[in-house]
Amino acid sequence: MHVLLLKEPREGGSGPDPYIKELASRGHKATLIPVLSFTFVSLNTLSDKLFQPEQHGGLIFTSPRAVEAVRMCLEDDERREQWNNDIKDKWNAKSIYVVGKATAALVENLGLVPLGEDTGTADVLSRLILEREDTNILPLFFPCGSIKREVLPTALRENGVPLDTLMVYQTAQHPDLEKNLKNHFTEQGVPASIAFFSPSGVKFCLETVRRLSGEQLKRIKFAAIGPTTADAMTAEGLSVSCSADKPTAEHLATGIAKALQ
């Protein structure tokens, strides 16, 4: 059966997207349509903070994009050398917190050692941070996007753990989203299942999906990458057929295959 994945292509990945691969192994053909576009901002400020690790108690990454912003700060050969010789070790002496395996893998590519890759959500990560850190540490540095959820900053603030937040990318709707959706529905028909990967994805796609599906909307099995996205779908009146136990290709593909049986 046909599955539509409303997600970004894998960061710096060559070869097939893991979600397409996992669904194919379960006998389902998947198509990926990118929903979001990203603009990086404040990279000079980010660079300054990255190269002064002594001013922070650790790092927090909750998205692949934030790690990508760091990578962009290291493109200069001189900077990269300084990072590899000295700076990354100073960060590794502190805690580097991440949500999810995709973000953890990118953090490792920078030579950093991530903690919390199995947390899966900002909510669970904030609990891990609170277990490990106390209130008299230097602020944890949190580069993030314009549409970050307030769960983690609020939890840390309420428990007195200092946090230094910097917006390093802005999220907007992908310029070709509507056109790509229309083409897909025209060529492939209404998909058996549609998977959403973020609350922003729900916000940007749902109206078009409703319009293009018409009466067949009720037959579509809607899937969510995790609880936050599932909540956004439910709030819009969608019936969520499955929500991945963990935000991985394997867990989501298992859930979708089950829903389509």
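Every residue, every condition in (1) within 19 Å of His2 (Cβ to Cβ); (2) without any contact (Cβ under 8 Å) to a residue 40 or more places away in the chain; (3) in contact with a Phe, Trp or Tyr (Cβ under 9 Å, 6 or more places away or on another chain); (4) surrounded by fewer than 18 Cβ atoms within 10 Å (Cβ to Cβ), yes or no:
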residue	(1), (2), (3), (4)
Lys182	yes, yes, no, yes
Ser200	no, no, no, no
Cys205	yes, no, yes, no
Ser213	yes, yes, yes, yes
Ala224	yes, yes, yes, no
Q) For region 20-53, how many residues meet the condition of being out of contact with any Ser or Thr (no Cβ under 9 Å at 6 or more places or on another chain), open to solvent by 50 Å² or more (accessible area, probe 1.4 Å) and of a type in the set (A, V, I, L, M, F, W, C)? A) 2
Q. Does Thr45 satisfy the criteria of being under 30 Å from Glu178 (Cα atoms), in contact (Cβ under 8 Å) with a residue 40 or more places away in the chain and not aromatic (Phe, Trp, Tyr)?
A. no
Q: Being open to solvent by less than 20 Å² (accessible area, probe 1.4 Å) and in contact with a His (Cβ under 8 Å, 6 or more places away or on another chain) narrows it down to one of Leu152, Leu140, so name that one.
A: Leu140
**Q.** Output for region 65-101, where each listed residue is over 18 Å from Thr165 (Cβ atoms) and under 17 Å from the mean Cα position of the chain (by Cα)
**A.** Arg71, Gly100, Lys101
Q: Working only within region 145-162, note down all residues that are of a type outside the set (D, E, K, R) and in contact (Cβ under 8 Å) with a residue 40 or more places away in the chain.
A: Gly145, Ile147, Leu152, Pro162
Q: Considering each residue of region 239-255, count those that are in contact with a Cys (Cβ under 6 Å, 6 or more places away or on another chain) and β-branched (Val, Ile, Thr), and give that number.
A: 0
Q) List the pairs whose first member sits in region 95-108 and is crowded, with 23+ Cβ neighbours inside 10 Å, whose second member is of a type in the set (S, T, N, Q), and whose Cβ atoms are under 6 Å apart, counting only residues at least 6 apart or on separate chains? A) Val99/Thr62; Val99/Thr119
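The values are calculated or read from the model by the stated rules, or taken from the named source; none is laboratory data. Because the structure is predicted, anything quoted here is derived from the model rather than measured. All Cβ positions, glycine included, derive from the backbone under ideal geometry; neighbour counts span all protein chains shown. Note: accessible area is taken over every heavy atom of the protein model, side chains too, but ligands, DNA and RNA are not part of it. Shrake-Rupley method; radii C 1.70, N 1.55, O 1.52, S 1.80 Å.
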